[in-house]
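> Please find one structure pasted underneath; my questions will follow.
The values are calculated or read from the model by the stated rules, or taken from the named source; none is laboratory data. Remember, it's a predicted structure, so these values are computed and weren't measured experimentally. Positions of Cβ are backbone-derived with ideal geometry, glycine not excepted, and every protein chain shown enters the neighbour counts.
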Amino acid sequence: MFGFPLSFGTPLILTALLALPVLWWLLRVTPPLPRRTLFPPLRLLRGLQDEEQTPAKTPWWLLLLRLLAAALLILALADPLLGRSPKLMTTGPLVLVVDNGWTGARDWEARQELITDLLRSARGRPVAIIPTAGSVPTGLLNEGEAARITRELKPMPWPGDRAAAAAALGRFNFAAPPALYWLTDGIDDAGSKALRDAFKRYGGVSLFAPTHSPLGLLPVTRDASGFSLTAIRANAGAPQDVEAGALGVRGETLAATRLHFKRGETRAQGHISLPMEVRNATTRLAIAGEESAGAVQLLDRGAAQRSAGIVSENASSEAQPILSDVYYLERALSPYAEIAKGGIGQLLDKRISVLLLADVAKINGADMDRVKDFVSKGGVLIRFAGERTTNGTDDLVPVKLRVGGRYLGSAMAWSAPQHLSPFTATSPFNGLEIPAEVTVTRQVLAEPSAEAQNRTWAQLADGTPLITAQAMGSGWIVMFHTSASPGWSTLPLSGLYVDMLKRLLALSAGTPARELAGLTSLPPVSLLDGFGHAMAPPSDVAPIPAKGFSRVRVSPRHPPGLYGAHEVESALNIVRAEDRLRPLPDSSLQAYGNTHARALEPYLLAAAMALLLLDALISLLLRGFTPRKLRWASAVLLTFVLVVPQARAQGPISEKAALDTHLAYVKTGLADVDSVSQAGLTGLSYMLRARTSYEPPEPLGVDPERDDLSLYPLLYWPMDPRAKTPSPKALSRIADYMRNGGTILFDTRDFTLGAVRGPSSPGEQTLRRLTTALDLPPLEPVPADHVLTKTFYILRDFPGRWSGGKLWVEALPPAPKNGAPPARGGDGVSPVIVGGNDWASAWAVDSNGRFMSTPSPGGELQREMAFRFGINLVMYALTGNYKADVVHAPALLQRLGNERVPQ
Amino acid sequence: MTQFSALQHEADGLSAGLPPLMVEADHLAASVSLGVHGKRRAGIGESFWQFRRYASPDASSAIDWRQSAKSQHIFVREREWEAAQTVWFWRDASANMSFKSGAVTKRARADLLLLALASLLVRGGERVGFTGMEGAPAASRLALTRMGRAMFASGRSALPPLVPFSRGNQLVWFSDFLDEDVFDAMKMLSQRGVEGHLVRIVDPAEEDFPYSGRTRFESPRGGEDEIFGRAERVRASYRTRFTAHGERVAQAAAKLGWTCTVHRTDHAPQASLIALHAAIGGT
């Protein structure tokens, strides 16, 4: 349309736009609904006439709004499209062949959009949609049917059958040459040629292929430490990284690994290492981000069950269990495997996966063949040496054994008991830690031979083999050259023994669980859909006979999934070990998603609805409807906003104090004392602002009777005999303040009097009077190493207006005897600091910034020291014992440095 | 009840600033004291009026022995006949009175004025009562409380019930007097000898008619409505009618010798209270 890529599905509806002027006129003549009002003197209005009854008072912009909404509605109904739809080449029916096997699951949405676009272009023509997987329609479809089928079309979890599609195509009779489209998955297969031939009969075909070809995950192989994964892809092009993961029962990722396709390669290998328990919790492995049934490998559930059979000829087992081989094997294996005991024949009947022979020298002839058969089919035979073995064994051992044993560390032997040497890289025990206390005192010896060296999984420190193994068929024969009980070595007493047996268990293939459960036919339990998601099995999926399960291929009859009974489920996977993916050898492939036309209908409808809603709101307002309730709500909200914060704050002082960290003093109620406190803290504030990063606002006076003390880190409390004793309520507040980390500097202000008036000066008496009810901690004079002496300046004494008085703080725990740290702070800050040097006077400045008193006897130098004490004190109250830790920093760093250097 | 208490409180506050009312000041030149208004003739009362020679119908207990002992004759002490005024109140409680265009409904304003006036009168010693209330009118706080209860229990009737008014009783009648049947009721009450004081409560919207545009007017009593395409066009004629109606009420009252005051709910109640107090005191 005019070069702009806009088209309409049903352009006829656009003629409704012609009706807009009529709508305009109608809207103009229809009077708006009257505003309603109650009116008591209604009687007096009776019979009155207003001259004009046609109030065309609808504002022009409201009319315009409504017309716009109507126009949008009409445009939306005309099904507008932005973008170009694909042009069909011929005039005949549209025929779509869609690859919807599992390989088509990737980019499925793009494919469906393309189908929708093609259908839109073919408006009116008959359509045939032929999926390669799933049922094929016999006749041509009309538009609606085609749209419905497109919506229902899904990728199927089995390979598509292109030959069948070709046959279906051949059955159609088209009146006109059809427009053929093949929506491929980009993968070549045996049926492609047949389909291509079918296309040729009708002329050309347009091909579409996804930009990314699908990936497949080959069946995983278990090994001793986890899963080996192999992913495959179709085109051996650029290098590609994919993520693959092991998923648990609820779809949680247990482990993940990265598979890397090298340039020009179609296979990528990877390995996922998992502990045994987690491995058993794994239900499926999948390529992340690849939504396809072929990128999922389900694992047999219950396959991890391994049963071990223990055979012992040792008769003493019941009498002395601690000396019995069986006892140790059972203890080691029982957490990891099902244990069965008995004779060899009996055990093999039970379909065990690991057979343990403790000190069985010779297997009877009848059992011999069965054991061989067992091993070659994937069983693991583990043999232990013992008294009987020393006299020679049968030949089902990895290496030939010498008759007689070897004693180490006995009275007659030269050599000491041997330790194990570290495992070699090829040994399955590689990585296990060898405890130092494991020693071997007796063993059977292998005949030295070339292969004995290769078959050794563990050896003693002197190089003699301790554990040898040999593969036989798909199973293993493993020989421990020492006994299963601690008679010959301390190995059975160590954790290493358990770990070794655990790894040997993992060697076995395990008996298929379905055979253990004795099921004859396996019904579907949970199936995969085309995207690789689990779904409940539909009713038309047939059970699979247990015997032929391993030969069953995935097909529409047998979709991939888990078959069996609860907890004993066998997995049927799409991709098999021999499967490969080949790219479709066509050069004229178009990518999906290039020709997508965007439908504008929903947006226009939404816009029209929004306009109509707006119109409704405006009409309500014009009619005089005031959302009174809303106003109420906002009033209530406003009240909350305005009132609640004020309700919280206890007053202007608390509010101010809460907004900043203020220095504070306790108001005594005596004007002279309070003014000195105020001026003193003001002076200290100046100094703090000038010298430190703490910039206190003006100090506040607090009244413990009324104010909230918790907002201040430090309180200065001058003592004066005239002061009133605080009320019990105030005392409990002060106690709370000190308990919760506040610091109070009690200043008796009368050090000079101390010598004259004896030990209890008026200030001290006042202090006692005021604080008798308080639970003060034990005090001590500030020790030289107290953190208060180091928080900002290094100080030795703490002068104020007077000099020389003692400063008391909470007693610290005694310094450690050896190497006292350079500063001690205890935990937290001292709640009480008591002194008598009248600091406030020393700090006090008047409103012009002049000092108000002269310190005695030291003069200005003493004042400087007083300020330093003040700064130290504030820092102490603000930082707590942080400074005490900081002084340890060099020592800590030194220790850390020492750690790194090996000694 | 709390609603009433609040109202009573507000009414008390409102009346506090006004001088106590004296009903029938012409009868009461001598007794300036509050409450009791001497009739200046012998009767039932407490104040001394005169001594008079004993006559045979007098009871012997009426003899004032002290006065008699002073002379030859026997004297009887007579007291002044004192009588308090009885003022009845009525307030229209119909749905029309619940109308408000501003903050206050007409009914709420009427209630306030009523109680304020009653409070004043009680302070002046008058007996007050609400027509239809239980018990007789009394000159006490209790009477006020009883009135309040009766007011809030009075239902939604527009016209005062026909209580046994005595001749000379006063009736203060708060209403909007918009209905036609008030005139008949006024006549009937007047025939029973009631002296009426009409208080017309008017909402500003009723007087000013501030409506414009397409408006549908509905009666608060429901059932009736009137639509105007342009309400502002009928404003002038409505105002004329409304004023005429007001004059008609005033004339009807004047014809019966009653007073009529008008109170707009957007005006301060004090002014009207003073006017009312003057009106009642003037009779």
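> Just for segment A:724-743: of the residues that are in contact with a Gly (Cβ under 9 Å, 6 or more places away or on another chain) and part of a helix (DSSP H, G or I), which one is nearest to A:Leu770 (Cα to Cα)? Lay out the reasoning, then the answer.
So in segment A:724-743, the residues in contact with a Gly (Cβ under 9 Å, 6 or more places away or on another chain) come out as A:724, A:734, A:736, A:741.
If we keep only those that are part of a helix (DSSP H, G or I) as well, we get A:734, A:736.
Numbers: A:Ile734: 11, A:Asp736: 16 Å.
So, considering only residues that are in contact with a Gly (Cβ under 9 Å, 6 or more places away or on another chain) and part of a helix (DSSP H, G or I), the one nearest to A:Leu770 (Cα to Cα) is A:Ile734.
> For segment A:422-540, which fully contained helices (runs of 4 or more DSSP H) count at least 1 residues that are touching a residue at least 40 places away in the same chain (Cβ under 8 Å) and aromatic (Phe, Trp, Tyr)?
Details: elements: A:450-454, A:495-507, A:513-517.
Answer list for segment A:422-540: A:495-507.
> Could you figure out which of (1) at pLDDT below 85; (2) exposed (fewer than 14 other Cβ atoms within 10 Å of the Cβ) isn't true of A:Asp241?
Tallying (1) at pLDDT below 85; (2) exposed (fewer than 14 other Cβ atoms within 10 Å of the Cβ), A:Asp241 fails exactly one: (1).
> I've got another one for you. Could you list, in sequence order, the residues of segment B:160-172 that are in contact with a Gly (Cβ under 6 Å, 6 or more places away or on another chain) and buried (at least 18 other Cβ atoms within 10 Å of the Cβ)?
Residue satisfying the conditions is B:Leu171 alone.
> I would also like to ask the following. Which members of segment B:120-136 meet the condition of being surrounded by fewer than 24 Cβ atoms within 10 Å (Cβ to Cβ), over 20 Å from B:Asp92 (Cβ atoms) and touching a residue at least 24 places away in the same chain (Cβ under 8 Å)?
B:Arg123, B:Gly125, B:Arg127
> For segment A:115-156, which residues satisfy the criterion of being free of Cβ contacts under 8 Å to residues at least 24 places away in the same chain and part of a strand (DSSP E or B)?
A:Leu141, the sole residue that qualifies.
> I would also like to ask the following. Tell me which residues, restricted to segment B:208-240, are crowded, with 19+ Cβ neighbours inside 10 Å, at pLDDT 85 or above and in a helix (DSSP H, G or I).
B:Val234, B:Tyr238
> Return yes or no: is A:Val311 in a helix (DSSP H, G or I) and modelled with pLDDT of 80 or more? Show your work before the answer.
On the way: in a helix (DSSP H, G or I): no; modelled with pLDDT of 80 or more: yes.
Criteria not met by A:Val311.
> Checking A:Pro32 against (1) within 14 Å of another protein chain (Cβ to nearest Cβ); (2) modelled with pLDDT of 85 or more; (3) more than 30 Å from B:Val202 (Cα to Cα), which test does it fail?
(2)
> Separate question: Limited to segment A:37-88, what total is found for residues that are modelled with pLDDT under 80 and facing another protein chain (nearest Cβ under 8 Å)?
Matching residues across segment A:37-88 total 9.
> Has segment A:380-387 got any residue that is surrounded by fewer than 21 Cβ atoms within 10 Å (Cβ to Cβ) and touching a strand residue (DSSP E or B) at 6+ places or on another chain (Cβ under 7 Å)?
Step one: list which residues in segment A:380-387 are surrounded by fewer than 21 Cβ atoms within 10 Å (Cβ to Cβ), which gives A:387.
Still in the running and touching a strand residue (DSSP E or B) at 6+ places or on another chain (Cβ under 7 Å): none.
No, segment A:380-387 contains no residue that is surrounded by fewer than 21 Cβ atoms within 10 Å (Cβ to Cβ) and touching a strand residue (DSSP E or B) at 6+ places or on another chain (Cβ under 7 Å).
> Out of segment A:851-863, which residues are surrounded by 16 or more Cβ atoms within 10 Å (Cβ to Cβ) and either under 16 Å from A:Tyr793 (Cβ atoms) or not assigned by TED's automatic domain parsing to the domain that holds A:Ala840 (or both)?
Once the filter is applied, which keeps residues that are surrounded by 16 or more Cβ atoms within 10 Å (Cβ to Cβ) and either under 16 Å from A:Tyr793 (Cβ atoms) or not assigned by TED's automatic domain parsing to the domain that holds A:Ala840 (or both), segment A:851-863 yields A:Gly858, A:Gln862, A:Arg863.
> Of all residues in segment A:234-261 being of a type in the set (D, E, K, R) and in a strand (DSSP E or B), which is nearest to A:Thr426 (Cα to Cα)?
Initial filter on segment A:234-261 (of a type in the set (D, E, K, R)): A:241, A:243, A:250, A:252, A:258.
With in a strand (DSSP E or B) added as a condition, the list becomes A:241, A:243, A:258.
Numbers: A:Asp241: 29, A:Glu243: 28, A:Arg258: 24 Å.
Result: A:Arg258.
> Got a sec? Which of A:Glu578, A:Glu515, A:Glu569 is surrounded by fewer than 14 Cβ atoms within 10 Å (Cβ to Cβ) and either more than 30 Å from A:Ile352 (Cβ to Cβ) or modelled with pLDDT under 85 (or both)? Don't jump to the end; show me each part of the working.
Values: A:Glu515 fails: surrounded by fewer than 14 Cβ atoms within 10 Å (Cβ to Cβ); A:Glu569 fails: surrounded by fewer than 14 Cβ atoms within 10 Å (Cβ to Cβ).
Only one candidate qualifies: A:Glu578.
> Another question, then. Taking into account only those residues within segment A:665-723 that are assigned to a loop (DSSP other than H, G, I, E, B) and among the basic types (Lys, Arg), which is nearest to A:Asp846 (Cα to Cα)?
Of all residues in segment A:665-723, those assigned to a loop (DSSP other than H, G, I, E, B) come to A:667-670, A:692-699, A:703-708, A:712-713, A:719-723.
Those left that are additionally among the basic types (Lys, Arg): A:667, A:706, A:722.
On the way: A:Lys667: 18, A:Arg706: 28, A:Arg722: 24 Å.
Looking at the filtered set, the residue picked out is A:Lys667.
> Hey, among A:Ala231, A:Ala190, which residue is modelled with pLDDT of 85 or more and either assigned by TED's automatic domain parsing to the domain that holds A:Ala163 or part of a strand (DSSP E or B) (or both)? So that I can check it myself, show each step before the final result.
Working: A:Ala190 fails: modelled with pLDDT of 85 or more.
Going through A:Ala231, A:Ala190 in turn, just one is modelled with pLDDT of 85 or more and either assigned by TED's automatic domain parsing to the domain that holds A:Ala163 or part of a strand (DSSP E or B) (or both): A:Ala231.
> Identify the residue in segment B:168-212 that is within 27 Å of A:Thr37 (Cβ to Cβ) and of a type in the set (Ser, Thr, Tyr) and, among all such residues, is nearest to the other protein chains (Cβ to nearest Cβ).
B:Tyr211
> So which pairs qualify, if the first residue must be in segment A:253-270 and touching a residue at least 24 places away in the same chain (Cβ under 8 Å) and closer than 12 Å to A:Asp241 by Cα, the second must be surrounded by 18 or more Cβ atoms within 10 Å (Cβ to Cβ) and of a type in the set (Phe, Trp, Tyr), the Cβ gap must be under 6 Å, and the two must be at least 6 apart or on different chains?
Final answer for the pair search is A:Ala268/A:Phe261.
> Based on what the data block shows, is B:Val76 at pLDDT 80 or above, out of contact with any Leu (no Cβ under 7 Å at 6 or more places or on another chain), within 29 Å of B:Met186 (Cβ to Cβ) and more than 14 Å from every other protein chain (Cβ to nearest Cβ)?
On the way: at pLDDT 80 or above: yes; out of contact with any Leu (no Cβ under 7 Å at 6 or more places or on another chain): yes; within 29 Å of B:Met186 (Cβ to Cβ): no; more than 14 Å from every other protein chain (Cβ to nearest Cβ): yes.
Against the criterion (at pLDDT 80 or above, out of contact with any Leu (no Cβ under 7 Å at 6 or more places or on another chain), within 29 Å of B:Met186 (Cβ to Cβ) and more than 14 Å from every other protein chain (Cβ to nearest Cβ)), B:Val76 does not qualify.
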